Amino acid sequence: MSLLAAPRIVLVPLTLALLAPQQAERLDIEPGRSVPGALPSFVSGGGAPLFARVVGGATEAELVLEVLGAAGDERVRPAGGGWFLNWADIPAVARLEDGTTLAVWLETTQGHAHSYGTRFQLFDAAGDPQAEPRRLEEHAGPGEHGFVSLVPLDAERFLALWLDGRSMDAHGGGHMQVLARTVARDGTLGPETVVDPSACSCCPTHLVRLADGTVLAAWRDRSEDEVRDISLARFDGARWSAPAPLHADGWEIHGCPVNGPRLAASATHVAAAWYTGIDGSVRVAFGAADGSAFAAPVRVDEGGGEGRGDAVFLADGALLVGWLEHDEGRVAWKLRRVWPDGRLGSVHVLAPISGERAAGFLRLAPAEERGAWALWTEPGKTPHVLAARVAGS
């Protein structure tokens, strides 16, 4: 399906702000639970903070949802064999206001090596499944379909965005596409829409619902010259805008860096955080609340940033940014507050990690009372998901 016209996103053509003023402050980091599992994520939607994790392996896996701070309060557990599990491709979960929950995970495509597709299932507020799992995508053949992002669109529908390799061949030729469609609470699927006909093949996507009810999408694009910068598009509930570059980083790379963007939104601002290999930096850019314009990006890492992080607005209006950083052989998740006027807070170590790929991605979400929650994976023979509470002062 071709792109439909909608209000375009305007990017402010400014240069990277490398030297932003810094503000001395502290972050209180309170370690929380450690539970078996991997591939953690937060559930998109209102209410008490829910997090999801995968327990088990490809032959028998479960997606477990729990309320943070309420041990044992498990919600839904889609289970079964044949799961496709990858350190970078995290199951997605979202929830409507009435508690209806949509969960999406991946399954291998039988008879096709290295092929996999999505499976989604809806659950009621009590966690009971409403139907059997089925595919988001209409394509049932070989190819890669994943890196799904979900967000509640309104009281009746979810919006799903994913990378779809139906136009690629077995040797990597062709184009990975960004597709989207709505999912109603009764399981009715809206039409598939091609949001971008050519994108980076294995960088996570992201969706965020803005203050005006529209949804902003972000992903790593791919030009004919192999420039792989971040692109944005907006969905107004019926139509998608044309993709627009977030910032002209100019990162040319002949391969996928497996490092996608993250978005955050408040009542007054929207922010994007991403990694670029053009100078090995983690960047943050702030935009208007409707996502229509972004200012110059600010570098937040200390020189060894690798991305794979997240961002969330705090109650005081600052953006909490997290990322992976290497520093003289040491690897750690790091945190920093950034204000929309460009001020930078101090850099804080959230947790040292091993640096292996199985450590995955850091995930952040606002806490109910103050501050934010952080989730990450501690690899090992039995991997664990670790949580921490973060509050600024």
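The values are calculated or read from the model by the stated rules, or taken from the named source; none is laboratory data. Since the model is a prediction, treat every value here as computed from it, not as a measurement. FYI the Cβ positions are ideal-geometry reconstructions off the backbone, even for glycines, and counts take in every protein chain you see. Please note that ligands, DNA and RNA were not included when accessible areas were found on the heavy atoms of the full protein model with its side chains. Shrake-Rupley method; radii C 1.70, N 1.55, O 1.52, S 1.80 Å.
Computed from point charges on the beta carbon alone (+1 for Lys and Arg, -1 for Asp and Glu), the dipole magnitude for the range 155-225 about its Cα centre is near 260 Debye. Estimated from the Cβ-Cβ distance and a Förster radius of 45 angstrom, the FRET efficiency linking Ala358 and Ala293 is about 0.70. The dipole here belongs to the chain: it is taken about the Cα centre, uses +1 on the Cβ of Lys and Arg and -1 on the Cβ of Asp and Glu, and is about 300 debye. For the range 245-366, the convex hull drawn through the C-alpha positions has a volume of 109 cubic angstrom per residue. Computed over Cα pairs, the Kirkwood radius of the range 138-177 leads via Stokes-Einstein (1.002 mPa s, 20 °C) to a diffusion coefficient of 186 µm² per second. Placing unit charges on each Cβ (+1 for Lys and Arg, -1 for Asp and Glu) gives the chain a dipole about its Cα centre, and among Pro340, Thr108, Gly173 the Cα reaching farthest toward its positive end belongs to Pro340.
Of the solvent-accessible surface of the range 81-199, computed with a 1.4 Å probe over protein heavy atoms with every protein chain present, carbon and sulfur atoms account for 49 percent. Peptides 118-131, 171-184 ranked from most to least packed by the mean count of surrounding Cβ atoms within 10 Å: 171-184, 118-131. Loop-located GluC sites (Glu not before Pro) in the range 36-140 (DSSP state other than H, G, I, E, B) with a sparse environment of at most 15 neighbouring Cβ atoms within 10 Å: Glu97, Glu138.
Highest GNM mean-square fluctuation, the chain, Cα pairs closer than 10 Å: which of Ile29, Ile230, Ile253? Greatest mean-square fluctuation among the candidates belongs to Ile253.
Label sites at Ala267 and Asp98, each approximated as a point 7 angstrom past Cα along Cα to Cβ, lie 2.8 nm apart. Hydrodynamic estimate: the Kirkwood radius of the range 330-389 over Cα pairs, inserted into Stokes-Einstein at 25 °C and 0.890 mPa s, corresponds to D of 190 µm²/s. If only the Cβ of Lys and Arg carry +1 and only the Cβ of Asp and Glu carry -1, the dipole of the range 88-176 around its Cα centre is close to 200 debye.
According to the calculation over all Cα-Cα pairs in the chain, the P(r) per 20 Å bin from zero is 30, 63, 8 %. Computed over the alpha-carbon atoms, the range 136-291 gives an Rg to Rh ratio of 0.96, Rh here being the Kirkwood radius from the mean inverse distance. Of the trypsin sites (Lys or Arg not before Pro) found in the range 204-249, those that fall in a DSSP loop while having at most 15 other beta-carbon atoms within 10 Å are Arg239. Between Gly291, Cys200, Gly305, the Cα set farthest toward the positive side of the dipole of the chain (charges on each charged residue's Cβ, about the Cα centre) is that of Gly305. Listed values for the range 77-82 are Karplus-derived 3J(HN,Hα) couplings in whole Hz (6.51 cos²θ - 1.76 cosθ + 1.60, θ = phi - 60°), namely 9, x, 10, x, x, x, and x replaces Gly and Pro. Can you pull the percent of Cα pairs in the range 49-170 with separation above 26 Å? So the portion of pairs separated by more than 26 Å is 19 percent. Once a ≥ b ≥ c are taken as the square roots of the eigenvalues of the Cα gyration tensor of the range 205-248, is the result rounded (a/c under 1.5), prolate (a/b larger than b/c) or oblate (a/b not larger than b/c)? Verdict is prolate for the range 205-248. Across all directions, the shadow cast by the convex hull of the range 259-304 built on its C-alpha atoms averages 3.4 square nanometres. Each residue of the range 186-194 was assigned a 3J(HN,Hα) from its phi angle through the Karplus expression (A = 6.51, B = -1.76, C = 1.60, θ = phi - 60°), giving 8, x, 5, 9, x, x, 5, 10, 7 Hz with x at Gly and Pro. Set the Förster radius R0 to 56 Å, insert the Cβ-Cβ distance between Gln130 and Glu328 as r into 1/(1 + (r/R0)^6), and round the FRET efficiency to 0.05. Taking R0 as 56 Å, the efficiency between Gln130 and Glu328 is 0.60.
Report the local net charge at Ser346: Lys and Arg +1, Asp and Glu -1, summed over other residues whose C-beta lies under 9 Å from its C-beta. Its environment carries a net charge of +2.
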